[in-house]
Every structure is written in C-alpha cells, then in structure tokens.
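Peer 1: Please read through the structure below; I'll follow up with questions.
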Amino acid sequence: MKRNTQQGSLILEVIKSAKRPLTPLEIHQRASNMYPRIGIATTYRHLKALAEKNRVVGVDYPGQPPRYEWADGEDKVHFACRSCDKLFALKDTTEDIPPAKVPKGFTVQGFEVMLYGVCPECE
Ligand SMILES: [Zn+2]
C-alpha cells in the first residue's frame, strides 16, 4: 500500500514537472529513471486512478497518441509540433471563438481547438 502510494505520487510529480502533456510511455520512462522497478502496467493503473480523482486529465486529439497532463484548472490551448511530435500546453490567450453555425436541430455543447506548427526547439 505504501509503495503503491509512493508510485502514484511519483507519477503525478512526473506529470506536474513535465509542463506539457506526456504519453503513458513518456511518463513510464521518466518515472523509471527515479523508480527503476515501476512497470508499464502499474503506470497505466496509476494514470487511470489519478484521472478518476481529477488530478490529471487525458488529452486526446484525432491523429495524436493519448496523453495526460496535470489538472491545474488553467485555461490552456494545445500546440502540436509537426517536427518533433511533442504536444505543448500553452496559456490560452486566444479570444473565444464563436461556435460554428450548425443546421437546425443540432445543439453545440463545446468545441476543441488544437494549434499545430513548429515549436521553438525545432524552429
Ligand atoms: Zn518541435
């Protein structure tokens, strides 16, 4: 139980310190640097538990691998680098985009925006 709690906090720490959404594999890689015996199945189990407790949120875009980020409650816009395939969480400074006009009978409840381009490391 104690080991379990430690691994959970370690995984949360990895996600917090990353400052960008990470794939489960990246999270596992970073966690293993500090806790070499942590398994990939354990990593997935902790990610699921952390997401259920709203400590982390899943970041899912079409054509992108699923990632996780810290649920810090900030407004963020995601930026995908087409060169290194990293996903960044940027402070959202965009104006609210009005939802698209849709045919009668459809009710828009939300929309998602993902920016893509080249990150500073790849410029
Ligand atoms: Zn890049």
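Peer 1: Can you find, among ILE38, VAL108, PRO24, the residue sitting farthest towards the positive end of the charge dipole of the chain, where Lys and Arg contribute +1 and Asp and Glu -1 at Cβ?
Peer 2: Value: ILE38.
Peer 1: Separate question: May I ask what percent, to the nearest 5, of DSSP beta bridges between residues of the chain are antiparallel?
Peer 2: 70
Peer 1: Using the beta-carbon distance between GLU13 and THR107 and R0 = 35 Å, what value does 1/(1 + (r/R0)^6) give for FRET efficiency, to the nearest 0.05?
Peer 2: 0.30
Peer 1: Grab the DSSP H runs of the chain that are 4 residues or longer, score each as -39,500 (n - 2.57), total them, divide by all residues and round the 222 nm result to the nearest 500 deg cm²/dmol.
Peer 2: Theoretical 222 nm ellipticity from helices: -10500 deg cm²/dmol.
Peer 1: Let me ask you something else. Between MET114 and TYR61, what is 0.36 nm times their sequence separation minus the Cα-Cα distance? Round to one decimal in nm.
Peer 2: Full extension from MET114 to TYR61 adds 18.3 nm.
Peer 1: Right, here's the next one. So if I place +1 on the C-beta of Lys and Arg and -1 on the C-beta of Asp and Glu, and nothing else carries charge, what would the dipole magnitude of the chain be about its Cα centre? I want it in debye, nearest 20.
Peer 2: So the dipole magnitude of the chain works out to roughly 640 debye.
Peer 1: Structure shown: which of LYS16/LYS53; LYS19/LYS91; LYS16/LYS76 lie over 21 Å apart, alpha-carbon to alpha-carbon?
Peer 2: none
Every number here is computed from the coordinates shown, using simple stated rules; none is lab data. All values reported here derive from a predicted model rather than from experimental measurement. Note: ideal-geometry Cβ built from the backbone for every residue, glycine included; neighbour counts use all protein chains shown.
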